[in-house]
Amino acid sequence: MATPIDYEALTGGARVHGSLYRDPAVFERELEAIWNKVWVYIGHDSEVPEPGDYVRRQIGLQPVLMIRGDDHVVRVLFNRCRHRGNLVCNRDRGSAATLKCPYHGWTYSRSGALLEPSFEEGYDSNLRREDFALSAVPRVASYRGLVFASAAATGPSLDEHLGQVKEYLDLFMDVSPTGEVELNTGIQKLRYKGNWKFLPENSLEGDYHGPFIHRVAFELHSRRSGLYMSSLYENAIPDVIRALPGGHMVEDYRGATMAPPQRKPSAARQAYMAMMEARYGADKARQLTSTIPPLVYVFPNLLYIMTHIRRVQPVSVDLTHIYYQPLLLKGAPPEINEARLREHEFGFGPAGLISPDDIEIMERNQLGVRAQGNEWQFIGRGLHRDTLLPDGGASGFTMDECHLRGMWLHYGRLMNRP
Amino acid sequence: MTGAARETVERFLYREARLMDEHRYKEWLALWSDDGVYWVPCNDDDIDPARQVSIIYDDRERLQQRVDRLLSGSVLAQDPKPRMRRVVSNVEIEASDGVDVTVHSNFVLALARGDGQQLWAGRSIHRLLVQGDDFKIRRKTVLLINSDQEMPLLQFLI
C-alpha cells in the first residue's frame, strides 16, 4: 500500500505542491474528504419557485435534484431510482407532476415518496413503499435562499460552516431593495481543462493579476461605468483581503474608494435609491451602493463575483465546469435588473471581456504544473504584514495572498482528517 | 425578392463570414448600422433578454468595445490566434419590406488552436438594412446548438 499523502505538508508555509492540481489520487481523496463531507452549495430557492419545479445538480460527482414539494419545502434528493439505480430525472430543469423513472416506470411524488412500483402484483408484501422513497441527501439547510446540502449525516451545522461569511453574503443580498435576490435568470455554462481549485484561487485575486490580464477590459469598464477599477492595484489598501475560518475567502472593498459615477442618475436609478433608503436609511443605502460589493468564496463551490453567483463543479482532476448565474434584485425597477444583465454579459461567461482571460490562464496553469523542476507554488505575498483576527482568520492588503493561505490551510486539514 | 437580390444577400453573408474567419475586426464592425444589436441567447433560443442572461447582448457601443479589446492584442485566448473557417449555407430570405430584409442561414465553424479543433454550429438570423446593392446589419441573432451546454471560451466572432 502506498504511503498516505500528508496534505498539510503539501499546503503549509505559504506554498502549495503542484501534485494537488494534477494527481488523480488527490482528486479521488477530495471527493471523499471534501465533496461528500462538507456543505456544498446546491442552488437558490428562486430557481424552483413553484411546487414540482426542479433543477439537476451535483454533490461532487453524485447527481441530485433540488425540487420543491407540494408542501413548498425545497428538498435535495439523490437522482437515482430505488429500483435499479437509473437516473430518475434526465432533464436539467423543469417542472414535474410526479417523478417517473423512464426505465421501469417507478413513480415518486414531488417530495420523493414512492407512489407506485410498476406491476406491483409481482412483489410480495415485503416491498413496503415507505422503504423505497428516493433517498434524501442527509442534511439540507439554507441561508437567505441559498440552499446547501451535505452528504454526511453528521458534522458542523450550516450556520457553523458559514460563520463569519454570512456577514458578506448579507452585503450582496442587501443590494436588493427588498433584501431578496432572484436567480431564475438562466445559466451561462463553461468548461475548462484545469483543476477546480484554480477557479477560487483566481477569482479572488484579481487585484494582483488584474493589471496583467484584465488591463484593457478594466479600462473599457471604467470608461463606461465611471468606476476606477485600477485604483485597486495602484493603492495598497489594508483589510481588503480576508481569510475566514472554514476556508472561505473575501475581498472586502468597503475601505476602497473608487470614484463614483458623476453622471446624473436615471429615473430608474433614482427610484431604486429611494427604495433602498426607505428600507435601510440613507447612510446604509449609500454604503451598500457606492462601491462594488465584496467578492466572496464559500468553500468549496460557491462564489459571488460582482454581478453573479458562480458555481464550481469538478468533473475530473483536470476538467471543471463553471456555472454563472446573474443575480437580479427582487422588487427593483426592471431597467435596473436589465442593466445588471448587460453588465454581467460584458464581463463574464464564455464571450465576456473579463473572465475568459482567467479561464485561458487556468488552462495554461494546468499545463504549467506538469513541470516538476521545483514543485512548489509560492503564495507568500503579504505574509509579513498579515493581521491575525481573533476568530482564527486573517486580513491583508489589496493584492496580498493571505486568503489563499487560509483556504489551503483548511483544505490540508480536511484532506488529512481520517 | 429577385434572384439578383438573393445573390447580393448571399455575397454579403459570405463576406461577413470571411471577415470573421480572418480576424478582420474593423472591416467586420463597418458592416453594422449604428443601431445594431448582436445577440447570442443562452440556454434557449427564445429567451427574453430583459429577464434572462445571454451569452452576448451587444448594442453598438458594446460591439465597439468588444472589437477594441480584440484589436488590443490583450485577449489571451487569441494568443496565438485560432485558425478558423466556416461554411454558411441553407440561406432563406424570410421577409423583405424594401427597407429591411431578414435572412436565416446555418453555419458550421471549425476552429484550430493549440492541440485541438473545435466545432461550432448554429443558425444566424440577420436583419439587414438595404443600401442599394449593399447592406448594413441592424440585428444579428446567433442560435448556437450548444447554448445550453458547458462550452469552451467564445473569444472570436460568431
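From the set of residues in the range B:2-32 that are of a type in the set (A, V, I, L, M) and surrounded by 15 or more Cβ atoms within 10 Å (Cβ to Cβ), which is nearest to B:Val87 (Cα to Cα)? Before the answer, list the steps.
The initial filter retains those residues of the range B:2-32 that are of a type in the set (A, V, I, L, M), namely B:4-5, B:9, B:13, B:17, B:19-20, B:29-31.
Among the residues that remain, those that are also surrounded by 15 or more Cβ atoms within 10 Å (Cβ to Cβ) are: B:9, B:13, B:17, B:19-20, B:29, B:31.
Working: B:Val9: 15, B:Leu13: 10, B:Ala17: 8, B:Leu19: 13, B:Met20: 12, B:Leu29: 20, B:Leu31: 19 Å.
This residue is B:Ala17.
Go through the range B:124-158 and give me each residue that's part of a strand (DSSP E or B), under 22 Å from B:Glu92 (Cβ atoms), out of contact with any His (no Cβ under 9 Å at 6 or more places or on another chain) and not polar (S, T, N, Q).
B:Arg127, B:Leu128, B:Leu129, B:Val130, B:Asp134, B:Lys136, B:Val142, B:Leu143, B:Leu144 - these are the residues of the range B:124-158 that are part of a strand (DSSP E or B), under 22 Å from B:Glu92 (Cβ atoms), out of contact with any His (no Cβ under 9 Å at 6 or more places or on another chain) and not polar (S, T, N, Q).
When the residues of the range A:133-169 are filtered to those that are within 15 Å of the chain's Cα centre (by Cα) and in a loop (DSSP other than H, G, I, E, B), which remaining residue is surrounded by the most Cβ atoms within 10 Å (Cβ to Cβ)?
Of everything passing the filter in the range A:133-169, A:Gly145 is surrounded by the most Cβ atoms within 10 Å (Cβ to Cβ).
For the range A:335-344, does any single residue satisfy the condition of being in contact with a Gly (Cβ under 8 Å, 6 or more places away or on another chain) and touching a residue at least 60 places away in the same chain (Cβ under 8 Å)?
No, every residue in the range A:335-344 fails to be in contact with a Gly (Cβ under 8 Å, 6 or more places away or on another chain) and touching a residue at least 60 places away in the same chain (Cβ under 8 Å).
How about the range A:313-331: which of its residues are more than 12 Å from chain B (Cβ to nearest Cβ) and of a type in the set (S, T, N, Q)? Let's see the steps before the verdict.
Just the residues of the range A:313-331 that are more than 12 Å from chain B (Cβ to nearest Cβ), to begin with: A:314, A:316-318, A:329-331.
Residue satisfying the conditions is A:Ser316 alone.
I'd like to verify a number: residues in the range B:131-154 that are within 14 Å of chain A (Cβ to nearest Cβ) and of a type in the set (D, E, K, R), how many?
Residues meeting the conditions: 3.
Of the conditions (1) under 30 Å from A:His214 (Cβ atoms); (2) away from chain A (no Cβ under 14 Å); (3) within 13 Å of the chain's Cα centre (by Cα), B:Met84 satisfies every one except a single condition; which number is it?
Every condition holds for B:Met84 apart from (3).
Quick one: B:Asp46 ticks every box in (1) assigned to a loop (DSSP other than H, G, I, E, B); (2) farther than 26 Å from A:Ile354 by Cβ; (3) away from chain A (no Cβ under 14 Å) except a single one, so which number is it?
(3)
So for the range B:44-58 (the condition being of a type in the set (Val, Ile, Thr), surrounded by 17 or more Cβ atoms within 10 Å (Cβ to Cβ), out of contact with any strand residue (DSSP E or B) (no Cβ under 8 Å at 6 or more places or on another chain) and touching a residue at least 60 places away in the same chain (Cβ under 8 Å)), does at least one residue qualify?
Taking every residue of the range B:44-58 in turn, none turns out to be of a type in the set (Val, Ile, Thr), surrounded by 17 or more Cβ atoms within 10 Å (Cβ to Cβ), out of contact with any strand residue (DSSP E or B) (no Cβ under 8 Å at 6 or more places or on another chain) and touching a residue at least 60 places away in the same chain (Cβ under 8 Å).
Could you check the range B:130-158 and list, in sequence order, the residues that are of a type in the set (A, V, I, L, M) and surrounded by fewer than 19 Cβ atoms within 10 Å (Cβ to Cβ)? Step through it out loud before you land on a result.
Going through the range B:130-158, the residues of a type in the set (A, V, I, L, M) turn out to be B:130, B:137, B:142-145, B:151, B:153-154, B:157-158.
The answer is B:Val130, B:Leu143, B:Ile145.
Could you grab me the full set of residues in the range A:92-114 that are assigned to a strand (DSSP E or B) and closer than 14 Å to A:Gly69 by Cα?
Matches in the range A:92-114: A:Gly94, A:Ser95, A:Leu99, A:Tyr108, A:Leu114.
From the list B:Ile47, B:Ile125, B:Ile56, which residue is in contact with a helix residue (DSSP H, G or I) (Cβ under 7 Å, 6 or more places away or on another chain) and of a type in the set (A, V, I, L, M, F, W, C)? Talk me through it step by step, then tell me what you get.
On the way: B:Ile47 fails: in contact with a helix residue (DSSP H, G or I) (Cβ under 7 Å, 6 or more places away or on another chain); B:Ile125 fails: in contact with a helix residue (DSSP H, G or I) (Cβ under 7 Å, 6 or more places away or on another chain).
Exactly one of B:Ile47, B:Ile125, B:Ile56 is in contact with a helix residue (DSSP H, G or I) (Cβ under 7 Å, 6 or more places away or on another chain) and of a type in the set (A, V, I, L, M, F, W, C), namely B:Ile56.
Quick check on this structure: which one of B:Ala95, B:Ala121, B:Ala112 is surrounded by fewer than 16 Cβ atoms within 10 Å (Cβ to Cβ), in a strand (DSSP E or B) and within 12 Å of the chain's Cα centre (by Cα)? Spell out how you get there, then give the answer.
On the way: B:Ala95 fails: within 12 Å of the chain's Cα centre (by Cα); B:Ala112 fails: within 12 Å of the chain's Cα centre (by Cα).
After applying the criteria, what remains is B:Ala121.
Let me confirm something: among A:Leu199, A:Leu190, which residue is within 14 Å of chain B (Cβ to nearest Cβ), in a helix (DSSP H, G or I), buried (at least 22 other Cβ atoms within 10 Å of the Cβ) and in contact (Cβ under 8 Å) with a residue 60 or more places away in the chain?
Numbers: A:Leu190 fails: in a helix (DSSP H, G or I).
Result of the check over A:Leu199, A:Leu190: A:Leu199.
Of all residues in the range A:135-182, count the ones that are basic (Lys, Arg) and over 21 Å from A:Val48 (Cα atoms). Please lay out each step first, then the result.
The initial filter retains those residues of the range A:135-182 that are basic (Lys, Arg), namely A:139, A:144, A:166.
So of that shortlist, the ones also over 21 Å from A:Val48 (Cα atoms) come out as A:166.
Of the residues in the range A:135-182, 1 are basic (Lys, Arg) and over 21 Å from A:Val48 (Cα atoms).
Okay, residues lined up against (1) among the acidic types (Asp, Glu); (2) assigned to a loop (DSSP other than H, G, I, E, B); (3) crowded, with 18+ Cβ neighbours inside 10 Å; (4) more than 23 Å from the chain's Cα centre (by Cα):
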| site | (1), (2), (3), (4) |
| --- | --- |
| A:Gly349 | no, yes, yes, no |
| A:Leu367 | no, no, no, yes |
| A:Arg381 | no, yes, yes, yes |
| A:Met407 | no, no, yes, no |
| A:His410 | no, no, yes, no |
| A:Pro418 | no, yes, no, yes |
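Let's see how each residue does on (1) within 19 Å of A:Asp131 (Cβ to Cβ); (2) touching a Phe, Trp or Tyr at 6+ places or on another chain (Cβ under 8 Å); (3) not charged (D, E, K, R):
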site	(1), (2), (3)
A:Leu65	no, yes, yes
A:Val76	no, no, yes
A:Asn90	no, no, yes
A:Arg93	no, yes, no
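Which one of these does B:Val67 not meet: (1) at the interface with another protein chain (Cβ under 10 Å from one of its Cβ atoms); (2) closer than 19 Å to B:Trp32 by Cα?
For B:Val67, the exception is condition (1).
Looking at the range A:202-213, which of the residues that are surrounded by fewer than 23 Cβ atoms within 10 Å (Cβ to Cβ) and farther than 30 Å from A:Glu28 by Cα is nearest to the other protein chains (Cβ to nearest Cβ)?
A:Ile213
Take the residues of the range A:74-118 that are basic (Lys, Arg), free of Cβ contacts under 8 Å to residues at least 40 places away in the same chain and within 21 Å of A:Ile59 (Cα to Cα): which is nearest to the other protein chains (Cβ to nearest Cβ)?
Filtering the range A:74-118 down to residues basic (Lys, Arg) leaves A:75, A:80, A:82, A:84, A:91, A:93, A:100, A:110.
Okay, now just the ones that are also free of Cβ contacts under 8 Å to residues at least 40 places away in the same chain, so A:84, A:91, A:100.
So of that shortlist, the ones also within 21 Å of A:Ile59 (Cα to Cα) come out as A:84, A:91.
Values: A:Arg84: 28, A:Arg91: 11 Å.
Filtering the range A:74-118 for residues that are basic (Lys, Arg), free of Cβ contacts under 8 Å to residues at least 40 places away in the same chain and within 21 Å of A:Ile59 (Cα to Cα), the one nearest to the other protein chains (Cβ to nearest Cβ) comes out as A:Arg91.
Determine whether the range B:33-41 contains at least one residue that is more than 20 Å from A:Glu182 (Cβ to Cβ), surrounded by 14 or more Cβ atoms within 10 Å (Cβ to Cβ) and within 8 Å of another protein chain (Cβ to nearest Cβ).
Taking every residue of the range B:33-41 in turn, at least one turns out to be more than 20 Å from A:Glu182 (Cβ to Cβ), surrounded by 14 or more Cβ atoms within 10 Å (Cβ to Cβ) and within 8 Å of another protein chain (Cβ to nearest Cβ).
Throughout, read-outs are computed from the coordinates displayed, never taken from laboratory work. These figures come from a predicted structure and were not determined experimentally. With ideal geometry, Cβ positions are generated from the backbone for all residues, glycine too; neighbour counts draw on all protein chains shown.
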